[in-house]
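Asker: Below: one structure in structure tokens.
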Amino acid sequence: MAIAWSEKASSMEVLAMPPPLSPPVILTQDELKKIAAYKAVEYVESGMILGLGTGSTAKHAVDRIGELLRQGKLKNIVGIPTSKQTQEQALSLGIPLSDLDNHPTVDLAIDGADEVDPHLNLIKGRGGSLLREKMVEGACKKFVCIVDESKLVKHLGGSGLAMPVEVVPFCWKFTANKLRDVLEDSGCVARLRKDCKGEAFVSDNGNYIVDLYLEKEMGDLRVASDAILRIAGVVEHGMFLDMATTVIVAGELGITIKT
Ligand SMILES: O=C[C@H](O)[C@H](O)[C@H](O)COP(=O)(O)O
């Protein structure tokens, strides 16, 4: 039985996969995402107000919730989508939807992440949905994050991929330069995210995304978070600190649940 992480955790549960068949079954990354998502949906109970995450992992969870509703195994669910994309998916599956104005407290949210550190801090937003995700997941009693093992990092930014920051379009270069300056000690490079046509990517909220690439660790994440949020022009960043209550990791050797 393998444990994906050896770092400090308040509790850890490792669910062993059956002994490997011969020849061993190699699961794709998408199959691992689906395994994590289905496991998370086991936490859903009838009558819950549910935060519905965004991205290729969360999509499996939303599909599964729709399936269980159709089968009558779940009842009276109200979904709070974290993006227009998830809203469309949920509507197509017949999941009743609402919003935070009408349901300011959410029982449970299930969502993916781009990076997970050993303390369950996350980077999210590489799909561009970080602001609504942070609002919905910040309103949750329980936030179950679902990832395949490729998302595990020793420290946030450690994958070498982007740490997204949502900014207002007005003078975005000014804001991007301020972001770079604030994270100068981490060797920060700031780039405006572009869409497939080479135009500025526009979020569901009409904002731009500046992607930060870090050569070194950010140090104290709370300090970095506060410094970023103090920049006029920043709407929100993709660090989700102390928000996930559970992380379900699917890997080749089984599922690991960290709380
Ligand atoms: O903006 C996108 C969201 O934060 C996603 O939850 C995150 O990027 C993970 O996406 P995926 O499950 O597709 O890797």
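Asker: So which residues in the range 194-234 are out of contact with any Pro (no Cβ under 9 Å at 6 or more places or on another chain) and of a type in the set (Phe, Trp, Tyr)?
Answerer: The answer is Phe201, Tyr213.
Asker: List pairs: first residue in the range 235-257 and within 16 Å of Ala139 (Cα to Cα), second residue of a type in the set (Asp, Glu) and modelled with pLDDT of 95 or more anywhere in the structure, Cβ distance under 7 angstrom, at least six positions apart or on different chains.
Answerer: Once the first residue is within 16 Å of Ala139 (Cα to Cα) and sits in the range 235-257, its partners that are of a type in the set (Asp, Glu) and modelled with pLDDT of 95 or more give Glu236/Glu166; Phe240/Glu137; Met243/Glu137.
Here's the yes/no breakdown for (1) within 15 Å of the ligand (Cβ to nearest atom); (2) without any contact (Cβ under 8 Å) to a residue 60 or more places away in the chain; (3) in the same structural domain as Ser129 (by TED's automatic domain parsing):
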{"position": "Leu32", "(1), (2), (3)": "yes, no, yes"}
{"position": "Gly47", "(1), (2), (3)": "no, yes, yes"}
{"position": "Gly51", "(1), (2), (3)": "yes, no, yes"}
{"position": "Ala58", "(1), (2), (3)": "yes, no, yes"}
{"position": "Ile65", "(1), (2), (3)": "no, yes, yes"}
{"position": "Leu69", "(1), (2), (3)": "no, yes, yes"}
{"position": "Lys75", "(1), (2), (3)": "no, yes, yes"}
{"position": "Thr82", "(1), (2), (3)": "yes, yes, yes"}
{"position": "Gln87", "(1), (2), (3)": "yes, yes, yes"}
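Asker: Would you be able to tell me the number of residues in the range 226-259 that are within 16 Å of the ligand (Cβ to nearest atom) and among the small types (Gly, Ala, Ser)?
Answerer: Number of matching residues: 4.
Asker: Something else: Against the definition (surrounded by 14 or more Cβ atoms within 10 Å (Cβ to Cβ) and at pLDDT 95 or above), how does Phe170 come out, yes or no?
Answerer: So Phe170 does not fit the description; no.
Asker: Ok, one more. Suppose we filter Asp220, Asp148 for residues that are closer than 27 Å to Leu108 by Cβ and charged (D, E, K, R); which single one remains?
Answerer: Asp148
Yes/no matrix, rows are residues, columns are (1) farther than 29 Å from Gly233 by Cβ; (2) in the same structural domain as Glu42 (by TED's automatic domain parsing); (3) near the ligand (Cβ under 9 Å from one of its atoms):
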| residue | (1), (2), (3) |
| --- | --- |
| Ser98 | yes, yes, no |
| Leu108 | yes, yes, no |
| Ile123 | no, yes, yes |
| Arg126 | no, yes, yes |
| Ser129 | no, yes, yes |
| Ala139 | no, yes, no |
| Cys145 | no, yes, yes |
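Asker: When the residues of the range 71-100 are narrowed to those that are farther than 20 Å from Ile35 by Cα and among the charged types (D, E, K, R), which ends up nearest to the chain's Cα centre (by Cα)?
Answerer: The residue in question is Lys84.
Asker: Have a look at Asp204, Asp211, Asp195 and point out the one that is under 27 Å from Thr86 (Cβ atoms), within 16 Å of the ligand (Cβ to nearest atom) and exposed (fewer than 13 other Cβ atoms within 10 Å of the Cβ).
Answerer: Just a single option satisfies the conditions, and that option is Asp195.
The values are calculated or read from the model by the stated rules, or taken from the named source; none is laboratory data. What you see is a predicted model, and the numbers here were worked out from it, not measured in a lab. Neighbour counts run over all protein chains shown; Cβ positions are idealised from the backbone, glycine included.
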